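What follows draws every value from the coordinates through simple rules; no lab data is involved. None of the values given here were measured: they were computed from a predicted structure. We place every Cβ from the backbone using ideal geometry, glycine too, and count neighbours over all the protein chains shown.
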Amino acid sequence: METVMLDTGISERGDMQKSRVKVGIKKLDLFYSDFQALKDVNMDIEEKKVTALIGPSGCGKSTFLRCINRMNDLIPGCKVTGDILIDGTDIYKENIDVAYLRKEVGMVFQKPNPFELSVFDNIAYGPRTHGLRDKKKLEIIVERSLRHAALWDEVKDRLNKTAMGLSGGQQQRLCIARVLAVEPSIVLMDEPTSALDPISTGKIEDLIAALKNDYTIIIVTHNMQQAARVSDYTAFFLLGDMIEMGPTTRVFQLPGDKRTEDYITGRFG
Amino acid sequence: MTANDRWSSKEMILQYRARQKRRQAIAYAFMYLAAAFAVATMLAIIGFIFTKGISEISWEFLTSDVHDAGREGGILPIIINTLYLVGLGLLFAAPLSVLAAIYMTEYSKQGILIKIIRYFTSNLAGIPSIIFGLFGFMFFAKILGWSWSLLSGSATIAIVILPTLIRTSEEAILTVPAGYKEGSLALGATKWQTMVKVVIPTASPGIINGIILGMGRIVGETAALVFTLGSGTDIASSLMSSARSLSLHLFILANEGISTSKAYATATVLIVIVLILNLIAGWFGKRINRYKDAR
Ligand SMILES: Nc1ncnc2c1ncn2[C@@H]1O[C@H](COP(=O)(O)OP(=O)(O)O)[C@@H](O)[C@H]1O
Ligand SMILES: [Mg+2]
């Protein structure tokens with residue numbers, strides 16, 4: 001069977017066009033065995049914008065995020081129906097190359113998860129995994145990714161030391177750099193700052209703002225202010241339903257649904 | 001107690017803390033005694049063997065052949081054969097056990113094969129090794145026709161240590177945080193790449209620890225080898241040579257009343273070799289985990 005690669009088509013598009021759908025979600029249902037965790041979710045996620053997913057714990061934000069890079073495949077008994085189109089290609093088609101999909105759709109986890117390797121090897125891990133052996137190129141990629149993640153100055157003298165010695169905030173930026181090193185077009189972030197102090201959180205938020213020039217970012221956050229600060233669009237989830245989605249300022253100032261308003265104003269959640 | 005009463009007072013807390021501190025001090029004292037007792041017993045045994053054996057040990061003893069069934073001469077061939085046995089036993093058992101552990105933890109959760117291996121690892125570890133010796137004799141020595149040889153002996157010993165090795169490797173792999181695996185898979189690595197590059201290296205101290213245990217078991221094993229390794233006293237020239245390991249030699253010397261002093265000397269060497277093997281293994285474990293630059 002021939003394997004289909006995603007056509008991300010970054011190069012052939014000019015920079016002048018404005019809104020373009022990067023990820024289209026159609027009638028997405030997800031079951032963990034008998035339990036339905038996502039119910040008929042429909043969304044269009046715009047390219048090179050930050051989309052925030054908000055909602056109370058257990059409403060399916062992480063589950064939804066993990067559909068986009070098919071990390072849910074790892075969970076036994078998990079069944080997905082409906083379509084997720086990335087640049088028009090259905091990523092749940094049988095013959096999609098999942099490893100390539102995950103290269104294209106990077107993920108940053110809630111708890112920083114650097115490998116027990118040197119800083120350098122952590123960043124080089126992805127490119128090496130995908131077959132790059134050239135030392136010169138690896139050095140360039142490592143430096144570029146670390147600079148991009150605003151971490152270079154802090155670690156340039158300790159590239160060969162273990163990454164486990166970095167602070168939590170540095171580890172998380174390392175994980176972001178590690179994702180950037182495989183050159184994705186989409187970056188998924190699942191509460192990336194919930195384990196971090198306010199200063200590290202600020203740095204990561206600045207980073208997100210800088211990254212949106214080049215990447216489509218989908219971020220789950222518990223923190224309403226964070227959603228307001230970093231995102232262009234916000235989607236509100238409740239008990240597996242996507243209640244509403246729109247430009248962040250609109251959703252926060254003029255929620256279209258009573259439940260969204262209740263959540264935002266802190267009446268439950 | 002009414003709604004505004006506090007249940008705690010400073011004196012009460014401090015008093016209770018003092019009591020808890022005394023309890024802790026008593027517990028520490030017992031722990032210390034227990035540990036001291038364990039160490040003292042070990043030192044006493046080692047000391048006893050050493051004082052009996054050390055006078056017999058000389059450069060001569062370590063470097064010459066066995067003469068007159070062990071009554072005279074040294075134990076050089078026996079030392080070398082023991083090392084062969086350790087090397088071959090691990091060569092068979094280590095890769096097998098790591099692969100089995102990977103399969104069990106990562107690739108399949110159910111299935112008949114898994115059930116068999118689980119049963120094997122949890123029940124076979126407790127079976128007396130003489131049973132394995134008998135099996136090895138029947139299967140390797142007789143049916144496969146390998147006779148009493150280094151090959152039969154190391155194959156048998158590999159089976160003896162396999163359950164422990166699988167178990168320790170499995171546990172080591174299971175302790176690797178799920179986040180590491182997800183981090184690698186999310187970068188587009190395959191399961192196998194993730195295993196080889198992230199999971200196994202992270203689990204390696206645990207795996208190596210299991211291998212150390214296995215080595216100790218091989219060096220100390222006698223019963224499984226009596227019927228399989230043979231009793232040759234020359235340096236094994238091939239896999240098919242009959243040989244003797246140190247503990248087997250020790251057993252024969254003592255059992256047949258050949259020479260008590262040589263038995264103690266052999267025991268001393270055995271202890272020293274176990275200590276050295278442990279040092280090497282420890283050093284090896286550290287090396288693997290040093291995440292040196294791979295640039
Ligand atoms: N692996 C799983 N197996 C079964 N149920 C799960 C699993 N992961 C999450 N769930 C359930 O799915 C629902 C959504 O979970 P999740 O996506 O983690 O929520 P959120 O990230 O919004 O807090 C919860 O009710 C949770 O209990
Ligand atoms: Mg979550």
Sorted on mean Cβ neighbours within 10 Å (highest first), peptides A:117-129, A:31-43, A:204-216, B:31-43 come out as A:117-129, A:204-216, A:31-43, B:31-43
Out of A:CYS78, A:CYS59, A:CYS67, a Gaussian network model of chain A with alpha-carbon springs under 10 Å gives the largest mean-square fluctuation to A:CYS78
In this structure, the FRET efficiency calculated for A:SER167 and A:TYR100 from their beta-carbon separation, with R0 = 35 Å, to the nearest 0.05, is 0.60
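In debye, nearest 20, what is the charge dipole magnitude of the protein assembly as shown about its Cα centre with +1 on Lys and Arg Cβ and -1 on Asp and Glu Cβ, if you could check?
On the way: 61 positive and 53 negative charges, 227 e Å.
Roughly 1100 debye, rounded to the nearest 20.
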Between the alpha carbon centres of the range B:44-117 and the range A:224-269 the gap in Å comes to 66
Binned at 10 Å starting from 0, the alpha-carbon pair-distance distribution of the range B:33-116 in whole percents comes out as 14, 21, 21, 23, 16, 6
Shape descriptor, the range A:219-269: equivalent ellipsoid semi-axes (Cα gyration tensor, sqrt 5λ, whole Å, largest first) stand at 15, 12, 11
Relative contact order of the range B:66-222 (C-alpha contacts under 8 Å, at least 6 apart) in percent is 30
In units of 2.2 N^0.38 Å, the Cα radius of gyration of the protein assembly as shown is 1.30
Final fewest-first order of B:MET240, B:MET215 on the 10 Å Cβ neighbour count is B:MET240, B:MET215
Computed on Cα atoms, Rg of the range A:58-134 relative to 2.2 N^0.38 Å comes out at 1.28
Ordered by fewest other Cβ atoms within 10 Å, a rough proxy for footprinting exposure, B:SER184, A:SER62 read A:SER62, B:SER184
For B:LYS197, counting only lysines whose alpha-carbon sits under 16 Å away and dropping same-chain residues fewer than eight positions off, the answer is B:LYS181, B:LYS292
Dividing the helical contributions, -39500 (n - 2.57) per DSSP H run of n ≥ 4, by the residues of the protein assembly as shown yields a 222 nm value, nearest 500 deg cm²/dmol, of -16500 deg cm²/dmol
With DSSP loop assignment and no more than 13 other C-beta atoms within 10 Å, the GluC sites (Glu not before Pro) in the range A:26-129 are A:GLU94
So, relative contact order of chain A in percent, Cα under 8 Å, 6 or more apart, is 26
For the range A:36-129 the mean separation of alpha carbon contacts under 8 Å (6+ apart) over residue count, i.e. relative contact order in percent, is 19
If R0 = 25 Å, then B:ALA178 and B:LEU99, at their Cβ-Cβ distance, give a FRET efficiency to the nearest 0.05 of 0.70
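Per residue Cα convex hull volume for chain A, in cubic angstrom? Let's see the in-between values first.
Numbers: hull volume 37.6 nm³, N = 269.
Taking the convex hull of the Cα positions in chain A, it is 140 Å³ per residue.
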Given the candidates B:ALA25, B:THR194, A:ASN160, the one whose Cα lies deepest towards the positive end of the charge dipole of the protein assembly as shown, counting +1 at each Lys or Arg C-beta and -1 at each Asp or Glu C-beta, is B:ALA25
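How would you classify the range A:155-201 from its alpha-carbon gyration tensor, with a ≥ b ≥ c the square roots of the eigenvalues: rounded for a/c under 1.5, else prolate if a/b is greater than b/c, otherwise oblate? Don't jump to the answer; show the numbers that get you there.
Working: a/c = 2.59, a/b = 1.11, b/c = 2.32.
Judged from the Cα gyration tensor, the range A:155-201 comes out oblate (a/c at least 1.5, b/c at or above a/b).
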Residue separation between B:TRP283 and B:LEU83 times 0.36 nm, minus their alpha-carbon distance, gives in nm 70.2 nm
Plugging the Cβ-Cβ distance of B:ILE235 and A:ALA210 into 1/(1 + (r/R0)^6) at R0 = 45 Å yields, to the nearest 0.05, a FRET efficiency of 0.10
Rounded to the nearest whole number, the per residue volume of the convex hull around the C-alpha atoms of the range B:59-294 in Å³ is 143
Under a Gaussian network model of chain B whose springs join Cα atoms within less than 10 Å, the largest fluctuation of B:SER259, B:SER238, B:SER152 belongs to B:SER238
Set A:LYS48/A:LYS203; A:LYS136/A:LYS156; A:LYS26/A:LYS79; A:LYS27/A:LYS48, cut-off 18 Å on Cα-Cα distance; pairs above it are A:LYS48/A:LYS203; A:LYS27/A:LYS48
One finds the C-alpha centres of the range A:71-146 and the range B:128-181 to be spaced, in Å, by 38
Rounded to a whole number, the mean other protein chain Cβ count within 10 angstrom for residues of A:107-116 is 5
Measuring from the longest principal axis of the C-alpha atoms of chain B, the long axis of helix B:112-124 (C-alpha) lies at a number of degrees, nearest 10, equal to 80
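Let me confirm one metric for peptide A:196-207, namely the mean number of other chain beta-carbon atoms within 10 Å of its residues' beta-carbons. Display every interim value, and only then the final one.
Numbers: counts 0, 0, 0, 0, 0, 0, 0, 0, 0, 0, 0, 0.
Taking all residues of A:196-207 together, the mean is 0.
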Listed with the fewest Cβ neighbours within 10 Å leading, A:ARG250, B:ARG244, A:ARG229 appear as A:ARG250, A:ARG229, B:ARG244
